[in-house]
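Student: Pasting a structure below so you can have a look.
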Amino acid sequence: MASIPQNIIDDLSPSATESWRTLRIMAELVTALDVMNALKVNCVSIFGSARSKPDSGEYEAAEKLAGLLVKAGFGVITGGGPGVMEAANKGASEAGGTSVGLHIKLPHEQECNKYVKTRCSFRYFFIRKFMFVKYAKAYIVMPGGMGTIDELSEAFVLAQTGKTKPFPIILYDSRFWSGLMDWLESAMIPGGFLRDDELRKLVTICDTPEEAVNLLQKIIIV
């Protein structure tokens, strides 16, 4: 499928009507589908903070985790930015595997990292989120901020409501996620806003890269 020429999209000025802006949305979607459909490997989406430094525990864990995933036959998808995203792309790239970056254009914190081998660029978060879900066999959610929480919530709700096939959601680092899990178990479940079986079915906590990869190898046929 041919992508819509970029010059047509770039000609849409900020004052363009909402109706014409759908061309830009369509172009992003078509272009990303073309790129992602060319991937011939089962991929795992890894999320985490763009603010994590190379000497942080989550950066080092994400790099090791991605390398182990590649050795196990998986590809790695991230948001393509710095921090944990960079670490995961670095681990996948240096292990000789598929290293995808779904890069979003933001005013800060989001330059595409140099370890991305396959890149898609986005203006719109909702198209980017769609790509994360459509092309991932699992989510691994490292420590992060509100963007990370947003991606986690999106995946959980889509699986919970049956809008996508349930897939493993791994929260990495029990110390970081224990507060959220305690709140879900002590407030949402007793209040009837969430069922215990929904939480247990969709979410698992892991504390080492080896544990996470071993879990996925048992669930997903590469």
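Student: If only one of Lys165, Lys134, Lys129 is more than 11 Å from the chain's Cα centre (by Cα) and of a type in the set (Lys, Arg), which one is it?
Tutor: Only one candidate qualifies: Lys165.
Student: Confirm whether Asp207 is in contact (Cβ under 8 Å) with a residue 60 or more places away in the chain, over 18 Å from Ile77 (Cα atoms) and acidic (Asp, Glu).
Tutor: Judged against the criteria, Asp207 is not a match.
Residue by residue, here is whether (1) within 28 Å of Pro54 (Cβ to Cβ); (2) in contact with a Ser or Thr (Cβ under 6 Å, 6 or more places away or on another chain); (3) touching a residue at least 24 places away in the same chain (Cβ under 8 Å) holds:
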{"position": "Tyr124", "(1), (2), (3)": "no, no, yes"}
{"position": "Lys129", "(1), (2), (3)": "yes, no, yes"}
{"position": "Leu152", "(1), (2), (3)": "yes, no, yes"}
{"position": "Val157", "(1), (2), (3)": "no, no, no"}
{"position": "Phe176", "(1), (2), (3)": "yes, no, yes"}
{"position": "Asp182", "(1), (2), (3)": "no, no, no"}
{"position": "Val213", "(1), (2), (3)": "yes, no, yes"}
{"position": "Ile219", "(1), (2), (3)": "no, no, yes"}
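Student: Tell me, which residue of segment 68-81 that is without any contact (Cβ under 8 Å) to a residue 60 or more places away in the chain and part of a helix (DSSP H, G or I) is surrounded by the fewest Cβ atoms within 10 Å (Cβ to Cβ)?
Tutor: Going through the qualifying residues, I end up with Lys71.
Student: Find the residue count for segment 82-126, including only residues that are surrounded by 21 or more Cβ atoms within 10 Å (Cβ to Cβ), out of contact with any strand residue (DSSP E or B) (no Cβ under 7 Å at 6 or more places or on another chain) and closer than 29 Å to Glu18 by Cβ.
Tutor: Qualifying residue count for the region: 0.
Student: Something else: Hey, Lys129 hits all of (1) surrounded by 22 or more Cβ atoms within 10 Å (Cβ to Cβ); (2) in a helix (DSSP H, G or I) but one; which does it fall short on?
Tutor: Among (1) surrounded by 22 or more Cβ atoms within 10 Å (Cβ to Cβ); (2) in a helix (DSSP H, G or I), Lys129 violates only (1).
Student: Anything in segment 164-184 that is surrounded by 11 or more Cβ atoms within 10 Å (Cβ to Cβ) and not aromatic (Phe, Trp, Tyr)? List them, or say none.
Tutor: The answer is Thr164, Pro166, Pro168, Ile169, Ile170, Leu171, Asp173, Ser174, Ser178, Leu180, Met181, Leu184.
Student: Examine segment 200-208 for a residue that is in contact with a Pro (Cβ under 9 Å, 6 or more places away or on another chain) and loosely packed, with under 13 Cβ neighbours inside 10 Å, and state whether such a residue exists.
Tutor: Scanning segment 200-208 turns up no residue that is in contact with a Pro (Cβ under 9 Å, 6 or more places away or on another chain) and loosely packed, with under 13 Cβ neighbours inside 10 Å.
Student: Please count how many residues of segment 154-183 are part of a helix (DSSP H, G or I), modelled with pLDDT under 95 and either among the charged types (D, E, K, R) or on the phi > 0 side of the Ramachandran plot (or both).
Tutor: Within segment 154-183, residues that are part of a helix (DSSP H, G or I), modelled with pLDDT under 95 and either among the charged types (D, E, K, R) or on the phi > 0 side of the Ramachandran plot (or both) number 1.
The values are calculated or read from the model by the stated rules, or taken from the named source; none is laboratory data. None of the values given here were measured: they were computed from a predicted structure. Cβ coordinates were reconstructed from backbone atoms using ideal geometry, including for glycine residues, and neighbour counts include every protein chain displayed.
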